[in-house]
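Below: one structure, written as structure tokens.
The values are calculated or read from the model by the stated rules, or taken from the named source; none is laboratory data. Computed from a predicted model, the values in this text were never measured in an experiment. In case anyone asks, the SASA skips ligands and DNA or RNA and just uses the protein heavy atoms, side chains included. Shrake-Rupley method; radii C 1.70, N 1.55, O 1.52, S 1.80 Å.
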Amino acid sequence: MAMEPAPAPIRWSDAEAVAACVEANRQRLLAFVEHRMGPGLRQRLDPDDIVQEVSLAAVRPAVSTSDEATPQRDPFGWLCHVAEQRIIDAC
């Protein structure tokens, strides 16, 4: 069984690269959000709304972030972390 290669680091200061990363991971992120949201929250909020908020949060800091000041991190893991925070905030 072949393992997936490690994700390539992205330039967090490059808004287009960050947006492309979000779009490439959109379906996985949506599945993560749907799995994490409880039924009560789903009645009030659509999972796509959380994904949209994560997308905005991911791209917004790219304008003012330098690559040297940003730690290397797994992009999908970071997106899931932001999604989890948005879900907690929405509860």
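Mind checking which residues of region 9-31 are open to solvent by 40 Å² or more (accessible area, probe 1.4 Å) and part of a helix (DSSP H, G or I)?
GLU16, ALA19, ALA20, GLU23, ALA24, ARG26, GLN27, ARG28, ALA31
Out of all the residues in region 32-49, which are among the aliphatic types (A, V, I, L, M), part of a helix (DSSP H, G or I) and modelled with pLDDT under 95? Spell out the reasoning first.
Start the filter on region 32-49 by keeping residues that are among the aliphatic types (A, V, I, L, M), which leaves 33, 37, 41, 45.
Keeping just the survivors that are part of a helix (DSSP H, G or I) gives 33, 41.
Scanning region 32-49 gives a single hit, LEU41.
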